[in-house]
Amino acid sequence: MRVLVTGLSTFWGGRAAQSLEARPDVEVVVGLDTREPRVPLERTEFVRADSSYSILQRIVQATDVDTVVHTHLVVDSTRVSGRALHETNVIGTMNLLAAAGAPDSPVRNVIVKSSGYVYGAGSRDPYLFREEAKRTSPPHTNVERSLLEVEAFLRDFAADNPHITVTLLRFTNVLGDQLDTPFSQALRLPVVPEILGFDPRLQFVHEDDVVAALMYATTHDLPGVFNVAADGLLPWSEICSMVGKRRVALPPLFTNAAAEPLRLLRVVNLPPEWLDLLRFGRGMDNRRFKEAGFRYRYTMAGTVEAFARGLRLEKTIGTKAAPSYKYEREVEDFFRHSPAVVRHES
Amino acid sequence: MDDRREPTTAERRAGIVDLPAAASRELVPVARPQLDEDSPTVDAERGGDVDTWGRSDKLRALTRTVYEPFYKHWFRAEWEGFEHLPTEGGALLVANHAGAIPSDAPVIMHGIERDLHRPVYGLAEYLFRRMPAIGTMWSRAGGVTANPDNAYRLLHDDRELVLVFPEGTKGTGKLYQDRYQLARFGRGGFVEIAMRAGVPIIPIAVVGAEESMPIVWKSRRLAKLIGLPYFPITANMLLLGPLGLVTYFPAKFRIRVLPPIHFDESPDQERYSRSRVMDASELVRRQIQDALYDMLRTRKSIWT
């Protein structure tokens, strides 16, 4: 198997590449990103691209990859500007699919990491979304709009290319002590924001299960859409108390205006998607992926507890020591390609 | 290709670069034992007992304790045909709906949970979920928004008792002069869900709710302004002032459970014949209406 991983410098891309390297059936891993990888990689070849991946077609042709793992969809709107989000998600995916669907393309599997944000969150929603469920309200944030556009591209792509297996994984909000998301940030605060009078049921998935799900999709033939979310839903209040945090209420009216000073002071960066999520929550039906054979390593309560433990460890030993790994092209090239390095066949 | 390429000015102007904050926020992985294929699923003790539907057994028990005196001494609820309620398996309970702030749902749910020891999930308007505090309490007490998928899941997958009022706000928003005249039963969606889930429908006729909070006048314009389905002036408000918003008249509640209606249709079909659905819906409606007339014929007083 020859695999191309997009978004190599992201948490997901890095972890996915590490897992792929460990597998003997994977001959080649090519990683693509705008930034350098942040985790040490042994045999992944890093290629720098611009954010919209215009270089992709050449890479696909040159490396003869048969599987593309597209982890580079931005779902956290607090990280990038609206314009960059559009470039990365929509234009990036468009270029990716154009390359993968070219007449003589070697690609046979496309795995895309999408998000439960495509379902939105609203009062009319079903309590657990099935994969075929439609949104009950039009999207009103950039992330939701761009992800819906990406998914529409993918549907067309899958229809136009019946010989390619397209796996679309919709992940619910991810929680884990090694990953930085708005939820993990909020739960690290001394007091955690909530919206007065609302206690939404939320569903997370553990970061390890996300990587495991991506890997599972590379080894199994899974055409279609799959929700990825841990078993069970927990109210926000219970999540906060499991992590040992008190809550502070934002007003139910003009919530966005009340959150703005917090954003400006950089106390907490409430993504616009949260205004609905912290009111109505969101549940996803995870049965289809389980029926396809995937086994979750963490339940919802297990995910929150694992995060709480990570937080306790952090409290004692501190966090964010200087990064232990820095990418140096010359060094990496030396270890990968120099005839002086003794390579052990495994 | 230049390795350490800075974003070009054009790119920076267009915003096609990651914000500087993004770079500094990534965490350094701390070694954690990796789970392999055979390791058991990681679960944890929970602090609360709120289920997937938002219902909390503990809160429900507390509500029952508080509500019991009202049930017993204020409304003096009296049941007939209680044995028609199943002790296990899913069933869709269908009842008539009345009172400006409907008093029938709590009485029915309380009575069944108290004497049958089974939870009842009450389907209701989306409106509840949008109301701060009230919505949360409503959900913890067993309220679920009336989404077809929710109803199907509760009945089919979780095999629970689900209470629904097909009249919806047409029932609760009617004037006192129209009391005990059943409104249209929606579009028969409740029948379709019962068929799809393969569960029986149990019709329930309730007498007393109409008189507990009768609407004497309503304003369409004010309702529109506030965004409510109706804006009522109730007899309770006229008599008790603002206190009338939260005080019911002590009308005697009589509840008659009718024999379950089973459907021959096989469950989980893509679609069901419209005429069959509408016929069944009309049958349920007529049964409840007839039971109501019958009960009103024998009722000598509203209050005793």
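Suppose R0 equals 25 Å. What FRET efficiency, 1/(1 + (r/R0)^6) with r the Cβ-Cβ distance, do B:Trp303 and B:Asp57 give to the nearest 0.05?
My answer for the efficiency is 0.15.
Roughly how many Å is it from the Cα centre of region A:45-78 to that of region A:242-283, as a whole number?
Region A:45-78 and region A:242-283 have Cα centres separated by 33 Å.
Grab the alpha carbons of region B:46-181, take their convex hull, and tell me the volume per residue in Å³.
Residue-normalised Cα hull volume stands at 128 Å³.
Normalise the Debye intensity by I(0) for chain B, one equal point scatterer per Cα, no solvent, then take log10 at q = 0.07 Å⁻¹ and round to two decimals.
-0.38
State the answer as a single residue: which of B:Leu161, B:Gly171, B:Pro40 lies farthest towards the positive end of the charge dipole of the protein assembly as shown, with beta carbon charges of +1 for Lys and Arg and -1 for Asp and Glu, about the Cα centre.
In the protein assembly as shown, that residue is B:Gly171.
Quick one: among B:Pro40, B:Pro132, B:Pro242, which has the greatest mean-square fluctuation in a GNM of chain B with alpha-carbon springs under 10 angstrom?
Comparing B:Pro40, B:Pro132, B:Pro242 in a Gaussian network model of chain B, the most mobile one is B:Pro40.
Counting only protein heavy atoms and using a 1.4 Å probe, what share of the accessible area of region B:76-298 belongs to carbon plus sulfur, as a whole percent?
Heavy-atom surface of region B:76-298 belonging to carbon and sulfur, 1.4 Å probe: 57 percent.
Could you provide, to the nearest whole Å², the per residue accessible area of chain A with probe 1.4 Å?
Here the per-residue accessible area is 40 Å².
For region B:52-112, rounded, prolate or oblate, judged on the Cα gyration tensor with a ≥ b ≥ c (square roots of eigenvalues), a/c < 1.5 rounded, else prolate if a/b > b/c?
In terms of gyration-tensor shape, rounded.
What value, in deg cm²/dmol to 500, does the helix sum -39500 (n - 2.57) over DSSP H runs of n ≥ 4 give at 222 nm once divided by the residues of chain A?
About -11000 deg cm²/dmol.
Name the residue from B:Pro106, B:Ile204, B:Trp303 whose Cα lies farthest towards the positive end of the charge dipole of chain B, charges +1 on Cβ of Lys and Arg and -1 on Cβ of Asp and Glu.
Going by the charge dipole, the pick is B:Trp303.
Restricting to the protein assembly as shown, compute how many DSSP beta bridges are antiparallel as a %, nearest 5.
Counting DSSP beta bridges with both partners in the protein assembly as shown, the antiparallel share is about 15 percent.
Does the protein assembly as shown come out rounded, prolate or oblate, given a ≥ b ≥ c as the square roots of the eigenvalues of its C-alpha gyration tensor, rounded meaning a/c under 1.5 and, failing that, prolate meaning a/b above b/c?
prolate
When Lys and Arg each count +1 and Asp and Glu each count -1, what net charge do the other residues less than 9 Å away from A:Ala121, Cβ to Cβ, add up to?
For residues surrounding A:Ala121, the net value is -1.
Collect residues whose amide H, placed 1.01 Å from N in the peptide plane, falls under 5 Å from the amide H of A:Ser115; neighbours closer than 5 in sequence don't count.
Here A:Phe171 satisfy the definition.
For a quick check: with amide H placed at 1.01 Å from N, whose amide H comes under 5 Å from A:Phe204's, ignoring anything fewer than 5 positions away on the same chain?
For A:Phe204, whose amide H was placed from the backbone, the distant partners under 5 Å are A:Ala230.
In peptide B:38-50, what is the residue-averaged number of other protein chain Cβ atoms found within 10 Å of each Cβ?
6
Give the shape of region A:61-204 as rounded, prolate or oblate, defined through the alpha-carbon gyration tensor: a ≥ b ≥ c are the square roots of its eigenvalues, a/c under 1.5 means rounded, and otherwise the shape is prolate if a/b is larger than b/c and oblate if not.
Here region A:61-204 falls in the prolate category.
Only Lys, Arg, Asp and Glu count, each charged at its Cβ (+1, +1, -1, -1), so figure out the dipole size of region A:222-346 about its Cα centre, rounded to 20 debye.
400
Do the sum for chain B: with -39,500 (n - 2.57) for every DSSP H run of n ≥ 4, divided by all residues, what is the mean residue ellipticity at 222 nm, to the nearest 500 deg cm²/dmol?
-9500 deg cm²/dmol
How big is the convex hull of the Cα atoms of chain A, per residue, in Å³?
146
What whole-number value in Å² describes the accessible area per residue of region B:193-304 for a 1.4 Å probe?
Solvent-accessible surface per residue comes out at 55 Å².
Compare the peptides B:136-143, B:71-78 by average per-residue count of other Cβ atoms within 10 angstrom and give them in order, highest first.
Packing proxy ranking, top to bottom: B:136-143, B:71-78.
In what sequence, highest mean first, do B:55-61, A:269-275 appear when ranked by Cβ atoms within 10 angstrom?
Result, highest mean Cβ count within 10 Å first: A:269-275, B:55-61.
Dipole of the protein assembly as shown, Cα-centred, from +1 at each Lys and Arg C-beta and -1 at each Asp and Glu C-beta, to the nearest 20 debye?
Roughly 2840 debye, rounded to the nearest 20.
When the accessible area of chain A is split by element with a 1.4 Å probe, what percent falls to carbon and sulfur?
With neighbouring chains kept in place, the figure for chain A is 56 percent.
List the trypsin sites (Lys or Arg not before Pro) within region A:50-158 that fall in a DSSP loop (any state other than H, G, I, E or B) and whose Cβ has at most 12 other Cβ atoms within 10 Å.
Those satisfying the criteria are A:Lys134.
With the cut-off at 18 Å, tell me which of the pairs B:Lys72/B:Lys174; A:Lys134/B:Lys224; B:Lys72/B:Lys252; B:Lys174/B:Lys224; B:Lys58/B:Lys252 have Cα atoms farther apart than that.
B:Lys72/B:Lys174; A:Lys134/B:Lys224; B:Lys58/B:Lys252
What's the magnitude of the charge dipole for chain A around its Cα centre, counting Lys and Arg as +1 and Asp and Glu as -1 at the beta-carbon? Answer in Debye, nearest 20.
Roughly 1020 debye for chain A.
Need one number: buried accessible surface between chains B and A, 1.4 Å probe, both sides summed, DNA, RNA and ligands left out, in Å² to 100.
Summing both chains' loss of accessible area gives about 5300 Å².
Show me, for region B:206-221, the HN-Hα J-couplings you get by feeding each phi into the Karplus relation (A = 6.51, B = -1.76, C = 1.60, θ = phi - 60°), rounded to Hz, glycine and proline as x.
Using θ = phi - 60°, the values come out as 10, 10, x, 5, 4, 8, 6, 8, x, 8, 9, 7, 9, 10, 6, 5 Hz.
Per Stokes-Einstein, at 20 °C and 1.002 mPa s, what whole-number D in µm² s⁻¹ belongs to region A:8-107, with the Kirkwood radius over Cα pairs as the hydrodynamic radius?
153
In peptide A:233-243, how many Cβ atoms from other protein chains are near each Cβ within 10 Å, on average?
What the average comes to for A:233-243 is 3.
The values are calculated or read from the model by the stated rules, or taken from the named source; none is laboratory data. Since the structure is predicted, the reported quantities are computational estimates derived from the model, not experimental observations. No Cβ is skipped: glycine too gets one built from the backbone with ideal geometry, and neighbour counts run over all protein chains shown. Surface areas here come from the heavy atoms of the whole protein model, side chains and all, with no ligands, DNA or RNA. Shrake-Rupley method; radii C 1.70, N 1.55, O 1.52, S 1.80 Å.
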